[in-house]
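Asker: What follows is a structure written as structure tokens; I'll ask about it next.
The values are calculated or read from the model by the stated rules, or taken from the named source; none is laboratory data. Owing to the predicted nature of the structure, the values given are computational and were not obtained by experimental measurement. Cβ: placed from backbone, ideal geometry, glycine included. Neighbour counts: every protein chain shown. Side chains are part of the model used for accessible areas, which takes the heavy atoms of the whole protein and leaves out ligands, DNA and RNA. Shrake-Rupley method; radii C 1.70, N 1.55, O 1.52, S 1.80 Å.
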Amino acid sequence: MSGFIDFGIAKKQYQGKNRISQLFNIKYPIIQGGMIWHSGWRLASAVSNNGGLGLIGSASMYPDILRENIQKCKAATDKPFGVNVALLYPNLEEIINIILEEGVKIVFTSAGNPKTYTETLKKEGIKVAHVVSSVKFAVKCQEAGVDAVVAEGFEAGGHNGRDETTTLCLIPNIRKHIDIPLIAAGGIGLGSQMRAVMTLGADGVQIGSRFAATVEASSHDNFKNKIVELKEGDTQLTLKELAPVRLVKNKFFHDLESLYESGRNVEVLKETLGRARAKRGMFEGDLEEGELEIGQVSALIDEILPVEKVFENLIREFNEAKVDLML
């Protein structure tokens, strides 16, 4: 697999030294999102073995399952990998203790205050990145001492920002306001899209949906097959009253929309969501009654691939995406 030819603006700013690759000691500045029900040890280790940074998604794991995944990932790769921690989920302290006990060196936090555990983790020599959807919280991350910021646009699957700011607008704006390394996320599944966000000022990318449709992802084959069938407009952001999330428009999604018509009762929405819907959809493969989280870029994904092939495509597309424009 060839290396990158150049990194656009990132190369000019950092003199050919990519800050994300250096920060995490990886070959390519490509991070696999720590998606619930997708990101087990098989996916994380495969991404790391191919030169990126694999993340185990702890939000869909009981603490003992997380420990098992970390141990299996350590056995499957000698390359760096990390754990994604959603700060609003239960068992948080236990999850952090497992990360410390197992010697994990990289943690991506999300869905909460970056100050919560950043200092604790960094005292143990752990690199910390935090996911945001706005300039305001990117600045707070820098103030909290994180090592990198993941800026996620509204195109992304799963939980999302309330302001619906697109990646194209979010990345250059955050780049103006912070000095620490910046990782772009949301709507990125092609090497050409990677080059585009790096031209806008990102140092690297976090990719979710493209890695969800891989052989190594832990999600159900029914959902993987659904991803490659999706077309433009088949996903939509909903549940802004609770926590905005981008979903596939299946029966479950339309049931939620019907609840809105009856008066946007938040308690009824919570009750409907509280039936393990995400697990039912993405892990167990119920495409009608389950919650199916995926990004807009799914419309560009037309086959389930092994992680190695995804990387080959990303690097090739990145290097081919050179457009000579005349003004």
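Asker: Which GluC sites (Glu not before Pro) in region 169-264 pass both tests, a DSSP loop state and at most 14 other beta-carbon atoms within 10 Å?
Answerer: Sparse-neighbourhood loop GluC sites (Glu not before Pro): Glu232, Glu241.
Asker: Then there is this: If contacts are Cα pairs under 8 angstrom and at least 6 residues apart, what is the relative contact order of the chain in percent?
Answerer: 18
Asker: Still on this structure, please answer the following. Pick out, in residue order, every one of the trypsin sites (Lys or Arg not before Pro) in region 176-247 that is DSSP loop and has at most 15 other C-beta atoms within 10 Å; say none if there are none.
Answerer: Lys231, Lys240
Asker: Right, another one. Rounded, prolate or oblate, given the Cα gyration tensor of region 51-209, with a/c below 1.5 counting as rounded?
Answerer: Prolate, because a/c is 1.5 or more and a/b exceeds b/c.
Asker: Let me ask you something else. Quick one: among Gly103, Gly201, Gly82, which has the greatest mean-square fluctuation in a GNM of the chain with alpha-carbon springs under 10 angstrom?
Answerer: Gly103
Asker: When the chain is fully extended, how far beyond the present Cα-Cα distance does Asn113 get from Lys279, taking 0.36 nm per residue of separation?
Answerer: Extending this stretch completely gives an extra 57.2 nm.
Asker: Using a cut-off of 19 Å between alpha-carbon atoms, which lysines can reach Lys226, once sequence neighbours fewer than 8 places away in the same chain are excluded?
Answerer: Within the straight-line cut-off, Lys226 pairs with Lys249, Lys251, Lys279.
Asker: In addition: Quote the FRET efficiency, to the nearest 0.05, computed for Asn91 versus Gln22 with a Förster distance R0 of 30 Å and r equal to the Cβ-Cβ distance.
Answerer: Once rounded, the FRET efficiency stands at 0.35.
Asker: Then there is this: Roughly what would the spin-label model give for Leu327 and Tyr62, points 7 Å off Cα along C-beta, in nm?
Answerer: The two pseudo-label positions are separated by 5.9 nm.
Asker: Name the GluC sites (Glu not before Pro) in region 137-187 that are in a loop by DSSP and that have at most 13 other C-beta atoms within 10 Å, would you?
Answerer: Taking region 137-187 and a limit of 13 other Cβ atoms within 10 Å, the loop GluC sites (Glu not before Pro) found are Glu164.
Asker: Another one. Tell me the accessible surface of His159 in square angstrom (1.4 angstrom probe, heavy atoms of protein chains only), to the nearest ten.
Answerer: 90
Asker: Who wins for biggest fluctuation among Ile227, Ile70, Ile126 in a Gaussian network model of the chain, springs between alpha carbons below 10 Å?
Answerer: Ile126
Asker: Mind giving me the nanometre distance, one decimal, between the label points for His177 and Leu100, set 7 Å out from Cα along Cα→Cβ?
Answerer: Label-label distance for His177 and Leu100, simple model: 3.2 nm.
Asker: I've got another one for you. Taking a ≥ b ≥ c as the square roots of the Cα gyration tensor eigenvalues, with a/c under 1.5 meaning rounded and otherwise prolate when a/b beats b/c, else oblate, which class fits the chain?
Answerer: Rounded, because the longest to shortest axis ratio a/c is under 1.5.
Asker: Share of the chain's accessible area from carbon and sulfur, percent, 1.4 Å?
Answerer: 49
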